Each structure stands twice: as C-alpha cells, then as structure tokens.
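See structure below.
What follows is calculated from the coordinates using simple rules that are stated; it is not laboratory data. These numbers were taken from a predicted model, which means no experiment stands behind them. A quick note on method: Cβ atoms are made from the backbone with ideal geometry, for glycine too, and the neighbour counts reach across all protein chains shown.
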Amino acid sequence: MTRSRNMAAIRGGNTKPELLVRRALHAAGLRYRIHAKDLPGKPDLIFPRYRAALFIHGCFWHRHDCHLFKWPATREGFWREKIGRNVVNDARALDQLRAEGWRVGIVWECALKGRTRLDLTEAVQRLIGWVKSDEAQIVISGK
C-alpha cells in the first residue's frame, strides 16, 4: 500500500472512540448533533440545548502528552508541521467557540483505550454531568 493510500484511509469522523462516546451518551438520554460544519473546528458532538461542544481527539493527531503519542521516525519534518498545524487549529477553534458562547469539552483517546483508559461508565457520567452543568470546560484524559 502506498503512502497516499494510507493517508486516505484515515478517518476524520465516526472513529471508534467517537462512536463509543456517542452510543453511551445517547443511551443516557442526551441528544446531540454530530460534526457541526457551521461551527469552528467542526465539533464531533454539539448539545445545542446546553450550548456545549465536544471534541473526541485522537492522541496522535492532536499531540497529547500520553503513551499513545510518539513522533514518527520517518519524515520527521512533515509530521512535526502537520501535527503542529493541527494543534494550532485546535486552539483557534476552541477560542472561537468560547467567543461565540459555547462551552467546550475534550475527550482524549487515551481515556477510552490503552493502558490508561478510564472506566467507561465513570467517564460517561463525568461527561453527562458536565453537559448538564454550567461549567465552561471539561477535559477527560487517561489515568
């Protein structure tokens, strides 16, 4: 498989961690819109009733400081630029959402998989509590 095919296979939405969170929140009775193209950063889930936007970030693609992130050994310049751009875009989107009156949450992939994953029920309860609260933000990452 060529490099371009590998990159083409990468999903921007409907990832396994995202589907896991969506199913759990829906089962808990929360209703949301997915991939809101009209909002900065295209949040993975938005809860219009609560004015809350949620991102489910892959630790590699968004440079999270955890065991799931490791700089690739090949094409180092390309990856540092690519991932660095993602981080800058993330920060810009979060600032714009907050400026527009949205509360913002991030669930990191390491909270849902790998050796630092949290109990899913506990993570979902924290998310539900945040969505229904007035708290400005929540960040959920692995242990």
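Values computed for the structure shown
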item	result
Chain lengthening between L19 and F78 when straightened (0.36 nm per residue, less Cα-Cα)	18.3 nm
Most mobile of A53, A24, A73 in a GNM of the chain (Cα contacts under 10 Å)	A73
Most to least packed among 78-86, 99-107 [average Cβ atoms within 10 Å]	99-107, 78-86
Mean separation of Cα contacts under 8 Å (6+ apart) over length of the chain, as relative contact order %	22
Highest-MSF residue in the chain out of W61, W130, W71 [GNM, Cα springs under 10 Å]	W71
Lys pairs, the stretch 15-140 - Cα-Cα below 24 angstrom, 8 or more residues apart or on other chains	13
Rounded to 5, percent antiparallel among DSSP beta bridges of the stretch 15-140	35
Helical contribution to [θ] at 222 nm, DSSP H n ≥ 4, -39,500 (n - 2.57), averaged over the chain, rounded to 500	-12500 deg cm²/dmol
Inter-probe distance in nm under a simple model that places probes 7 Å from Cα toward Cβ, at D65 and S133	2.3
